[in-house]
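Scroll down for the structure; my scribbles are underneath it.
The values are calculated or read from the model by the stated rules, or taken from the named source; none is laboratory data. The structure presented is a predicted model; accordingly, all values stated were derived computationally and were not measured. All Cβ positions, glycine included, derive from the backbone under ideal geometry; neighbour counts span all protein chains shown. These area figures cover heavy atoms from the full protein model, side chains too; ligands, DNA and RNA do not enter into them. Shrake-Rupley method; radii C 1.70, N 1.55, O 1.52, S 1.80 Å.
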Amino acid sequence: MQSIASPTGAASPTTFDGRPGLLDMRGRALRDLRISVTDRCNFRCTYCMPAEVFGRDYAFLPHAEVLTYEEIHRLAGIAVGLGVAKLRITGGEPLVRRDLAALIAQLATLRTPEGKPVDLTLTTNGSALRPLAGALAGAGLQRITVSLDSLDDTTFRRMNGVDFPVARVLDGIDAARAAGLAPVKVNMVVKKGENESSIVPMARWARDEGLILRFIEYMDVGTTNGWRLDDVVTAGEIVAAIDAELPLEAAAPTYRGEVAGRWRYRDGSGEIGVISSVSQPFCGDCTRARLSAEGRIYTCLFSASGTDLRGPLREGASDDELRRILEDLWGARTDRYSELRSAATSHLPRVEMFAVGG
Ligand code: SAM
Ligand code: SF4
Ligand code: SF4
């Protein structure tokens, strides 16, 4: 382990945000934990869970192998004690898990070593937000990110793989706003030949609606989506397409470690973000760990395998023992897959995004 300041001790001069924390081999503090609450999903997005691979007989995790809410709460509490300040609930589709608001209510009670509430947010495909947004907000969810790849119904139905109408996601976004989960963030994955023509309409719509829109380069996560570099619409191409119609200028990052590059409309009407994990990797500032639904911890989205926490947890490990596993894992971390991405890395085994949590 390179260096570790006690999470309850004095601020470490080596962390970029000045908070004490656990550092990996490249000096990156553990700050974010993405928690996948299920590997199941009601969509079959072409870039994530292609329907040809994830058919009716696909074996998702049996219920007994998925962490309970109590187990998730305990592990999240230990991670927060080590310096995590932001929890993002994801999946699979997190809203397909029953009574998710009960988990939100538990996580909302967590406090950082400095006594602050954790930043608690959720990423969803938005399909079930209408009935659930109120309960989630009531349980303490602060913000929400909705994935939406096009406003064009035909394009959207094709990309989600299950013919789901875009109007229902838009209605879900309205429900989230009405419940106070604002500002709503919207993520759009751009894939060549599928939805480039939706870039500018999405930018106009988000600006007019006051939504925070972030474009995401199509990534080579997992091994089932048939990713090719040729299918990536780069951040530069996305910005150029918008700039041609709605002039943009670069904006400074709001904080170190922000994954989205920020661009502002020159007329002052808002801004967009672009997540360029392929064309301009940001591993140097990556402070994220991921907890899969079955209780494995991954220190990189492109890891081949994670470290099991469910086994020790169910065998009666103490908080100190679980904390030590996390400390040792993060302390030894050297991950920077996106910076090393090349022909040589393209065939390495890696976990699927729906399994590890996006
Ligand atoms: N089901 C939820 C959703 O779609 O928002 C949460 C899980 S999903 C795996 C999290 C995010 O990963 C989504 O915004 C999705 O668009 C993104 N994603 C999935 N596969 C991707 C890929 N190959 N490249 C880039 N982003 C991807
Ligand atoms: Fe499901 Fe989200 Fe993956 Fe789409 S991106 S298949 S909604 S987990
Ligand atoms: Fe972080 Fe791994 Fe992505 Fe790099 S490739 S930004 S280390 S998750």
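Name the residues whose placed amide hydrogens come within less than 5 Å of the amide hydrogen of residue 21, ignoring near sequence neighbours (fewer than 5 apart) on the same chain.
The answer is 5, 12.
Ignoring ligands, DNA and RNA, what percent of the 1.4 Å accessible area of the stretch 4-356 is carbon and sulfur? Please list the in-between numbers first.
Details: 7780 of 14780 Å².
Whole-percent figure for carbon plus sulfur exposure: 53.
When the distances between all Cα atoms of the stretch 18-78 are binned every 5 Å from zero, what whole-number percent does each bin get?
Going out from 0 Å in 5 Å bins, the stretch 18-78 shows 3, 12, 18, 14, 14, 13, 13, 9, 3, 1 percent.
As a test of reading the structure, rank 63, 73 by solvent-accessible area (1.4 Å probe, protein chains only), most first.
Details: 63 150, 73 55 Å².
The ranking, largest first, comes out as 63, 73.
Any idea what the dipole of the stretch 143-290 comes to, in debye rounded to 20, about its Cα centre with Lys/Arg Cβ at +1 and Asp/Glu Cβ at -1?
520 debye
Can you give me the solvent accessible area of residue 43 with a 1.4 Å probe, rounded to the nearest 10 Å²?
Ignoring ligands and nucleic acids, residue 43 comes out at about 10 Å².
Placing unit charges on C-beta atoms (Lys and Arg positive, Asp and Glu negative, everything else neutral), compute the dipole magnitude of the stretch 4-356 about its Cα centre in debye, rounded to 20. Please list the in-between numbers first.
Values: 43 positive and 46 negative charges, 108 e Å.
Charge dipole, the stretch 4-356, about its Cα centre: 520 debye, nearest 20.
Please name which of 29, 279, 232 has its Cα lying farthest along the dipole of the chain towards the positive end, using unit charges on Cβ (Lys, Arg +1; Asp, Glu -1) and the Cα centre as origin.
Farthest towards the positive end: 29.
Take the alpha carbon atoms of the stretch 73-151, find their center, do the same for the stretch 291-331, and report the distance between the two centers in whole angstrom.
What the calculation gives is 20 Å, centre to centre.
What accessible area, in Å² to the nearest ten, does a 1.4 Å probe give for residue 155?
Rounded to the nearest 10, that gives 10 Å².
What is the set of long-range amide H partners of residue 142 at a cut-off below 5 Å, with H atoms built 1.01 Å from backbone N?
120
Only helical DSSP H runs with n ≥ 4 go in: add -39500 (n - 2.57) per run for the chain, normalise by residue count and round the 222 nm mean residue ellipticity to 500 deg cm²/dmol.
On the way: 11 runs with 99 residues, N = 358.
Helix contribution divided over all residues of the chain: -8000 deg cm²/dmol.
In whole Hz, with x marking every Gly and Pro, tabulate ³J(HN,Hα) for the stretch 20-32 from phi via Karplus 6.51 cos²θ - 1.76 cosθ + 1.60, θ = phi - 60°.
Taking θ as phi minus 60°, the curve returns x, x, 8, 9, 8, 5, 9, x, 8, 7, 7, 10, 10 Hz for the stretch 20-32.
How much of residue 310 can a 1.4 Å solvent probe reach, expressed as accessible area in Å² and rounded to 10?
50 Å²
Mind ranking 320, 267, 24 by accessible surface for me, highest first, 1.4 Å probe?
Values: 320 85, 267 110, 24 0 Å².
Reading off the accessible areas and sorting them downward yields 267, 320, 24.
If you roll a 1.4 Å probe over the heavy atoms of the protein chains, what accessible area per residue do you get for the chain, in Å²?
Value returned for the chain: 42 Å² of accessible area per residue.
Using Cα positions and a limit of under 20 Å, work out the lysines in reach of residue 86, with same-chain residues fewer than 8 apart set aside.
116, 185
Counting pairs of alpha carbon atoms under 8 Å apart in space and at least six apart in sequence, what relative contact order in percent does the chain give? Working shown, then result.
Numbers: 723 pairs, mean separation 74.0, N = 358.
So the answer I get is 21 percent.
Convert each backbone phi in the stretch 75-85 into a coupling constant with the Karplus relation 6.51 cos²θ - 1.76 cosθ + 1.60 (shift: θ = phi - 60°), then list the ³J(HN,Hα) values in order as whole Hz, x for Gly and Pro.
Each residue of the stretch 75-85 in turn: 5, 5, x, 5, 5, 5, x, 8, x, 5, 10 Hz.
For the chain, list the cysteines whose Cβ sits under 4.7 Å from no other cysteine Cβ?
41, 283, 286, 300
Which listed residue (180, 132, 73) has the Cα farthest towards the positive end of the charge dipole for the chain, taking +1 on Lys and Arg C-beta and -1 on Asp and Glu C-beta about the Cα centre?
Looking along the dipole axis, the top candidate is 73.
In 20 Å bins starting at zero, report the fraction of Cα pairs in the chain per bin as a rounded %.
30, 62, 9
Which residues' amide hydrogens lie under 5 Å from the amide hydrogen of residue 189, considering only partners 5 or more residues apart or on another chain, with H built in the peptide plane?
HN-HN under 5 Å from residue 189: 148, 216.
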